[in-house]
Every structure is written in C-alpha cells, then in structure tokens.
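The values are calculated or read from the model by the stated rules, or taken from the named source; none is laboratory data. Because the structure is a prediction, the values reported are computed rather than measured. For neighbour counting, all protein chains shown are included, and Cβ atoms are generated from backbone atoms with ideal geometry for every residue, glycine included.
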Amino acid sequence: MKVGHGLESIALDCFESPSLSNSDCKDKFYDDDKTLKKFREAIEKANRIPGALDYQPEYTMTLTYRNSNQSVFYFSLTSNRDYNGLVVEQSNSEKGYSIPKDKANELRDIVYR
C-alpha cells in the first residue's frame, strides 16, 4: 500500500461504536517527521488481506498532505503486541491491509505511550 508524497500530518480519531468498549481511547495528532516516517513505513509494509473483512476499527485515521488532499482509513492496533495492525481504506471498507507485527509494535510505542 502506498502513502502519497508530501505527508504533512496524521490524525487518529477514536471510532465511536456502541459495540466497542474504547472509553480509554484518546484522539491523537502527529505532524513531526520522525512519527510520520514510522507511520509511512508501517502502512507501506502492510499486506493486502484477501476476501471480505470482519473487523472493528479503533480509529479513523486521516492522512493530510501539503496540497490539502486527504486519505481516510480505518485503523486498528490494539495494545496486544502479538498481533498485526490493520488499516482499511474508508472508501472501500472491504479492502484491508495487515501491518506486520514489528511495524505495528513501533506504532503501538507511539500511539499507546
């Protein structure tokens, strides 16, 4: 999966759902180069998951670029370091990508600190 050029910021907004118990969830915003690079690397290492998905997102993730364009995804990590992460295109919510565990753990170190 490719992240566009000129990534300027990433916003993580807690996903609201009656079936999701995420009362500890906090919205996040990142615009520093080091964090953006880690997210870019993790997303670009993600592998397409075949078939239809059954998932519950933790966050809506908005990538904003210098030209003001945005890409919006559903994003899930959970705090369990044994699991891969998940990123799903909001415009095609049946098309998901698995973030490898090592990259997901790098993102957990950022999101859950």
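General observations
- Candidates ASP13, ASP102: the one that is assigned to a strand (DSSP E or B), among the acidic types (Asp, Glu) and out of contact with any helix residue (DSSP H, G or I) (no Cβ under 7 Å at 6 or more places or on another chain) is ASP13.
- Taking the criterion of being basic (Lys, Arg) and under 15 Å from GLY4 (Cα atoms), the residues of segment 45-69 that qualify are LYS45, ARG66.
- Of the criteria (1) surrounded by fewer than 17 Cβ atoms within 10 Å (Cβ to Cβ); (2) out of contact with any helix residue (DSSP H, G or I) (no Cβ under 8 Å at 6 or more places or on another chain); (3) closer than 21 Å to HIS5 by Cα, which one VAL88 fails: (1)
- Yes/no for THR60 being touching a helix residue (DSSP H, G or I) at 6+ places or on another chain (Cβ under 9 Å), in a strand (DSSP E or B) and free of Cβ contacts under 8 Å to residues at least 60 places away in the same chain: yes
- Annotation note: Cβ proximity below 9 Å between a residue of segment 44-57 that is in contact (Cβ under 8 Å) with a residue 40 or more places away in the chain and over 20 Å from THR78 (Cβ atoms) and a residue that is surrounded by 13 or more Cβ atoms within 10 Å (Cβ to Cβ) and of a type in the set (Ser, Thr, Tyr) (sequence gap 6+ or interchain) occurs for ARG48/TYR97; ARG48/SER98.
- The residue list ASP33, ASP54, ASP24 contains one member that is at pLDDT 90 or above and loosely packed, with under 13 Cβ neighbours inside 10 Å, which is ASP33.
- Of all the numbered requirements in (1) at pLDDT 95 or above; (2) under 11 Å from the mean Cα position of the chain (by Cα), LEU77 misses one, and that requirement is (1).
- Cβ-Cβ under 9 Å pairs, at least 6 apart or on other chains, segment 75-86 side free of Cβ contacts under 8 Å to residues at least 40 places away in the same chain and part of a loop (DSSP other than H, G, I, E, B), far side acidic (Asp, Glu) and surrounded by 15 or more Cβ atoms within 10 Å (Cβ to Cβ): LEU77/GLU58; THR78/GLU58
- Look at (1) surrounded by fewer than 16 Cβ atoms within 10 Å (Cβ to Cβ); (2) closer than 17 Å to LEU12 by Cβ; (3) not basic (Lys, Arg) and you find that ASP102 fails only one, number (2).
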